[in-house]
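J.: Got a structure for you, questions after.
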Amino acid sequence: MKIGICSDHAGVEYKAKLISYLLGKGYDVVNFGTDSTDSCDYPDFAHPLGKAVEKGECNLGIAICGTGNGMAMTLNHHKGIRAGLAWNTAVGKLVKEHNNANVLVLPARFISYQMAVSIVRAWLSTQFAGGRHQRRIDKIPV
Ligand code: RB5
């Protein structure tokens, strides 16, 4: 399982810690940056992650910015991406079970790091339920 991960400056600290966490759990991790706390633009990091997940170079992705909205908005422009924002463990589970999010988006400025780990664990350990949720996902493209 290869997980791509990216952040802007607001999420860089959580990204570094999550990379260590994921490596410790045996996942392959591809870091798409940023690796600096200098102010930067989230699309510059979201697009490379989105392309890698679309192409199958990464199985899943995690994107982190201040609110999560910039990353989610950018990633959801990619045809093969369902980027879902989660702010607690229950939503982390449901964003996979109901929405089959292949990119998990985290709002670093609004959750603790402990909550970020709990969300990641819930999302990774949950299976997509399919059925009526697949029918709804099929209706998303415009
Ligand atoms: C950066 O200040 C902030 O705007 C960004 O991390 C994110 O919240 C945007 O959606």
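The values are calculated or read from the model by the stated rules, or taken from the named source; none is laboratory data. In this text the structure is predicted, and so the values were computed from the model without any measurement. Ideal geometry is used to build each Cβ from the backbone, glycine not excepted, and the neighbour counts take in all protein chains shown. Calculation scope for accessible area: heavy atoms of the full protein, side chains included, ligands and nucleic acids excluded. Shrake-Rupley method; radii C 1.70, N 1.55, O 1.52, S 1.80 Å.
J.: Using +1 on the beta carbon of Lys and Arg, -1 on that of Asp and Glu, and nothing else charged, what's the dipole of segment 75-139 about the Cα centre, debye to 20?
T.: Values: 10 positive and 2 negative charges, 38 e Å.
Charge dipole of segment 75-139: 180 debye, to the nearest 20.
J.: What dipole magnitude, in Debye to the nearest 20, does the chain give about its Cα centre under +1 on Lys/Arg Cβ and -1 on Asp/Glu Cβ?
T.: Details: 16 positive and 11 negative charges, 149 e Å.
Dipole size: approximately 720 debye.
J.: Here is a follow-up. Taking the Cα centroid of segment 81-98 and of segment 6-45, what is the distance between the two, rounded to the nearest whole Å?
T.: Using only Cα atoms to place each centre, the spacing works out to 19 Å.
J.: Where in segment 1-74 are there GluC sites (Glu not before Pro) that are in a DSSP coil and have at most 14 other Cβ atoms within 10 angstrom of their Cβ?
T.: On the way: sites: Glu13, Glu54, Glu57; in loops: Glu57.
Those that pass, being in a loop and sparsely packed, are Glu57.
J.: Of Arg109, Arg132, which has the most accessible area and how do the rest follow, probe 1.4 Å?
T.: Arg109, Arg132
J.: As I understand it, the value is the acute angle between the Cα axis of helix 113-125 and the longest principal axis of the Cα atoms of the chain; what does it come to in degrees, rounded to 10?
T.: 30 degrees
J.: Quick query: amide H of Trp87 versus all other amide H atoms, modeled in the peptide plane; which residues come in under 5 Å with a sequence gap of 5 or more or a different chain?
T.: Hits under the 5 Å cutoff: Gly92.
J.: On alpha-carbon atoms, Rg over Rh for the chain using Kirkwood Rh?
T.: Values: Rg = 13.7 Å, Rh = 14.6 Å.
A ratio of 0.94.
J.: On to the next question. For Lys25, go through the lysines and keep the ones whose alpha-carbon is under 21 Å away, minus same-chain ones fewer than eight residues off.
T.: Partners within reach: Lys2, Lys15, Lys17, Lys93, Lys96.
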